[in-house]
Amino acid sequence: MNGMGEMSSVLRIILIIGSLIFFVFIMNMVRTKKLELKYALTWILTSFSFVLLSIFPEILFFIAALMHIELPVNALYLCVISLLLLIVFTLSVAVSRQALRIKTLVQEIGLIKETLERMKKEG
Amino acid sequence: MEQMEKYNLKTLVIIPAYKEAKNLPRLFRELKEVPLDFDIVVINDCSPDDTEAVCRHHGIPVVSLPVNLGIGGAVQTGYKYALEHGYDIAVQMDGDGQHDPRFLKLVLSRIYEGYHMSIGSRFIEGKGYQSSLTRRAGIKFFSWLIKLLTGQYISDPTSGFRACSRELIRLFAGSYPKDYPEPETIVTALRNKYRIAEVPVIMRPRQSGESSITKNLAAYYMIKVTLAVIMAAIARKNEDGAK
């Protein structure tokens with residue numbers, strides 16, 4: 001359990017401060033309507049779990065032991081990277097959906113414009 | 001052609017155009033000389049040049065997209081237009097002058113015979129512009145891949161000179177690939193049991209402007225289209241799309 005044991009206090013303080021700032025930042029974004037609550041939810045959950053992890057690093061020790069990872073800090077990296085992959089993938093899906101919707105709208109606008117001009121010409 | 005008169009099939013020529021202001025007048029002139037009854041629509045894919053003005057000047061209906069969608073999005077707009085206005089046949093022709101309207105009749109003939117798609121191929125007779133060696137190699141590869149996946153040999157799977165029947169107009173209006181759509185749509189059509197024929201045409205080198213596939217994009221094009229073709233071959237059959 002060393003590796004975390006040695007640096008735990010510094011890492012914990014950084015984590016707590018960082019995740020708290022992040023949490024406040026996210027909440028502010030939602031409050032000022034710059035971030036949709038739907039997407040903010042993931043991030044709120046993320047920052048919340050960071051706070052939780054930094055206060056109770058035992059969770060991390062447990063995960064590390066469970067997965068036979070020597071250094072708990074590596075378990076932390078694993079968790080963070082997995083979470084990021086998940087979030088990025090979700091965003092790719094969202095972007096694809098948006099792209100399809102935008103394409104349909106653009107086509108529809110083009111067609112409507114043409115119809116409108118035709119009607120104007122015909123009176 | 002008697003057949004066409006008999007059934008009185010409404011035909012639309014779809015011309016997707018991006019920065020083709022210089023090439024379009026000649027194409028319009030040549031299209032007017034074709035002794036067939038058809039309408040034309042230009043899909044102006046948000047060109048920064050005078051493409052739209054040129055169309056208006058010639059009295060050709062033009063659908064101007066407010067945002068650039070790329071070739072697939074533009075062509076699909078044409079199919080949506082065809083569907084909306086009840087056309088029986090839609091013919092795609094590039095706005096860059098590569099496709100000679102004199103072959104329109106020949107391309108359409110296969111649709112009159114009952115095929116769902118008719119492709120103008122530059123490789124059946126091997127006359128006219130054959131494009132570069134590397135490009136031909138790439139095209140050959142797609143021919144082979146399509147033969148492998150569908151069992152039908154298409155000599156010019158990247159040809160954008162093609163006519164579609166009402167069934168395929170409906171299918172393509174509903175869904176169409178975003179970029180480099182030609183080989184993929186062939187596989188989609190064959191997978192849905194539509195019949196495709198090819199006719200020999202003579203293509204010309206483009207008059208001005210640049211091709212959408214530059215050297216730097218060649219590798220990307222090959223990989224993307226290969227993947228798209230394979231995905232189209234294993235895609236679910238589009239039963240509800242044809243309703």
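If you take every DSSP beta bridge whose two residues both sit in the protein assembly as shown, what share of them, in percent to the nearest 5, is antiparallel? All intermediate terms of the calculation are to be shown ahead of the outcome.
Numbers: 7 of 26 bridges.
The answer is about 25 percent antiparallel.
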Q. At what distance in nm do the modelled label points of A:Glu58 and B:Lys105 sit from each other, each positioned 7 Å from its Cα along Cα→Cβ?
A. 9.0
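Fewest to most neighbouring Cβ within 10 Å: what's the order for A:Leu37, B:Leu24?
Values: A:Leu37 9, B:Leu24 24.
Starting with the residue having the fewest Cβ neighbours, the order is A:Leu37, B:Leu24.
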(Q) Counting C-alpha atoms alone, how compact is the range B:94-155: give Rg to one decimal and Dmax as a whole number, in angstrom. (A) 13.2, 35
**Q.** Leading residue at positive end of dipole, the range B:57-195 (Cβ point charges), from B:Ile139, B:Ala163, B:Thr150
**A.** B:Thr150
(Q) Which lysines, if any, have their Cα less than 18 Å from the Cα of B:Lys237, not counting same-chain residues under 8 positions apart? (A) B:Lys193
Q. How many lysine pairs in the range A:4-122, separated by 8 or more positions in sequence or lying on different chains, have Cα atoms less than 28 Å apart?
A. 7
Q) When the Cα centres of the range B:69-106 and the range B:141-208 are compared, how far apart do they sit, in Å? A) 13
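Taking each full run of DSSP H in chain A as one helix, which ones are at least 24 Å long along their axis (Cα atoms) and have mean Kyte-Doolittle hydropathy of at least -0.5?
On the way: long enough: A:4-31 (39 Å, 1.71); A:37-55 (27 Å, 1.56); A:72-122 (75 Å, 0.80).
TM-like helix candidates: A:4-31, A:37-55, A:72-122.
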Q | lysines with Cα under 25 Å of B:Lys127, excluding same-chain neighbours fewer than 8 positions away | A | B:Lys32, B:Lys105, B:Lys140, B:Lys147, B:Lys215
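Please figure out what share of the DSSP beta bridges in chain B is antiparallel and state it in percent, rounded to the nearest 5.
Values: 7 of 26 bridges.
Percentage antiparallel, nearest 5: 25.
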**Q.** Computed log₁₀ I(q)/I(0) - Debye formula, equal Cα scatterers, no solvent, the range B:80-201, q 0.09, 0.11, 0.20 Å⁻¹
**A.** -0.23, -0.34, -1.20
(Q) Show me the trypsin sites (Lys or Arg not before Pro) within the range B:94-133 that DSSP assigns to loop and that have at most 16 other Cβ atoms within 10 Å of their Cβ. (A) B:Lys127
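Compute the FRET efficiency between B:Lys224 and A:Arg12 as 1/(1 + (r/R0)^6), taking r as their Cβ-Cβ distance and R0 = 56 Å, and round to the nearest 0.05. Spell out each step's value before the answer.
On the way: r = 47 Å, r/R0 = 0.83.
In this case the efficiency is close to 0.75.
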Q | Partner chain coverage, peptide B:65-72 - average Cβ within 10 angstrom | A | 4
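Is chain B rounded, prolate or oblate when judged by the Cα gyration tensor, a ≥ b ≥ c being the square roots of its eigenvalues, rounded requiring a/c under 1.5 and prolate requiring a/b larger than b/c? Walk me through the numbers before you get to the answer.
Numbers: a/c = 1.33, a/b = 1.13, b/c = 1.18.
The shape class here is rounded.
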Q) So what is the calculated 222 nm ellipticity per residue for the protein assembly as shown, using -39500 (n - 2.57) for each DSSP H run with n of 4 or more, over all residues, to the nearest 500 deg cm²/dmol? A) -18500 deg cm²/dmol
Q: For the range B:15-27, just list the computed ³J(HN,Hα) in residue order, Karplus coefficients 6.51, -1.76 and 1.60, θ = phi - 60°, integers in Hz, with x standing in for Gly and Pro.
A: 10, x, 9, 10, 6, 10, 3, 6, 8, 5, x, 5, 4
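Restricting attention to the range A:23-90, which trypsin sites (Lys or Arg not before Pro) occupy a DSSP loop and are surrounded by at most 13 other Cβ atoms within 10 Å? Walk me through the intermediate numbers first.
Values: sites: A:Arg31, A:Lys33, A:Lys34, A:Lys38; in loops: A:Lys33, A:Lys34.
For trypsin sites (Lys or Arg not before Pro) across the range A:23-90 that sit outside H, G, I, E and B with at most 13 neighbouring Cβ atoms in 10 Å, the list reads A:Lys33, A:Lys34.
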Q.
Could you identify which residue out of A:Thr42, A:Thr32, A:Thr104 has the top mean-square fluctuation in a GNM of chain A using Cα springs shorter than 10 Å?
A. A:Thr104
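Where a number appears in this text, it was derived from the coordinates with a stated rule and is not lab data. Fair warning: this is a prediction, and the values are worked out from it, not measured in the lab. Every residue, glycine among them, receives a Cβ derived from its backbone with ideal geometry; neighbour counts consider all protein chains shown.
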